[in-house]
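Visitor: Dropping the structure in here first, questions after.
The values are calculated or read from the model by the stated rules, or taken from the named source; none is laboratory data. Quick caveat, the model's predicted, so the values are computed rather than measured. Note: ideal-geometry Cβ built from the backbone for every residue, glycine included; neighbour counts use all protein chains shown.
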């Protein structure tokens, strides 16, 4: 008799969505793709379910009854690093800025194709599995008004510490390590988000915008993180 192979663990997904048409399609489609799906139809139910079980990824709508998707994202991120993908009809830049600030990992706009959504899910899961290399002890980078302590993951502008999120830190470090050199959007995304990133370049632009507000004297007229139109970004040290 042939031995039975152990059943492979299916990825568990918490889908937070109140539109029945999307719920039905997602449940069927994700199940066929090998995911275990749990449905929450409002923000409060989402947090209750999240506290009771372990999920590998959360698909979170923004417009929810009882508690908004933004508040749900904040609450989950306060004590968990589970990947969160926002699924919403909203696509304005202001929403993307808020989502990045509160810790969302990716953003998919309705209507979407199931194949795209599944690709995004698998991409964020792969990125979470990649371990960052350990930096050299006491490594520092100082350029212009900026000093980065790589080992301690701290950044200072004109001697005052600024708080950077993980990808902001990685992005600024990459720019500082290549002063005066134009880094294309493709290179920046590949190095910071990973080669399997399937989103557009708008996420990069939002991160750059936030970095400018933190390190530039005038974010609308950046002296250090400059745009090379149609190509990418460059860190300048000579300007003040």
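Visitor: Has segment 109-124 got at least one residue that is at pLDDT below 80 and part of a helix (DSSP H, G or I)?
Guide: no
Visitor: Here is a follow-up. Filter segment 215-224 for residues that are under 16 Å from residue 156 (Cβ atoms) and either touching a helix residue (DSSP H, G or I) at 6+ places or on another chain (Cβ under 8 Å) or buried (at least 16 other Cβ atoms within 10 Å of the Cβ) (or both) and give the result.
Guide: The initial filter retains those residues of segment 215-224 that are under 16 Å from residue 156 (Cβ atoms), namely 215-217, 224.
Within segment 215-224, 215, 216, 224 meet the criteria.
Visitor: Further, regarding this structure: So which residues in segment 40-83 are assigned to a strand (DSSP E or B) and touching a helix residue (DSSP H, G or I) at 6+ places or on another chain (Cβ under 6 Å), if there are any at all? Spell out the reasoning first.
Guide: Of all residues in segment 40-83, those assigned to a strand (DSSP E or B) come to 40, 57-60.
Once the filter is applied, which keeps residues that are assigned to a strand (DSSP E or B) and touching a helix residue (DSSP H, G or I) at 6+ places or on another chain (Cβ under 6 Å), segment 40-83 yields 40, 57, 60.
Visitor: It is to be established whether one or more residues within segment 27-35 are assigned by TED's automatic domain parsing to the domain that holds residue 79, part of a helix (DSSP H, G or I) and either buried (at least 17 other Cβ atoms within 10 Å of the Cβ) or modelled with pLDDT under 90 (or both).
Guide: Going residue by residue through segment 27-35, those that are assigned by TED's automatic domain parsing to the domain that holds residue 79 are 27-35.
Filter once more, keeping what is part of a helix (DSSP H, G or I): 27-32.
Filter once more, keeping what is either buried (at least 17 other Cβ atoms within 10 Å of the Cβ) or modelled with pLDDT under 90 (or both): 27, 30.
Yes, segment 27-35 contains at least one residue that is assigned by TED's automatic domain parsing to the domain that holds residue 79, part of a helix (DSSP H, G or I) and either buried (at least 17 other Cβ atoms within 10 Å of the Cβ) or modelled with pLDDT under 90 (or both).
Visitor: For segment 202-226, give me each residue that is in contact with a strand residue (DSSP E or B) (Cβ under 9 Å, 6 or more places away or on another chain) and either modelled with pLDDT of 90 or more or part of a loop (DSSP other than H, G, I, E, B) (or both).
Guide: 208, 211, 212, 214, 215, 216, 224, 225, 226
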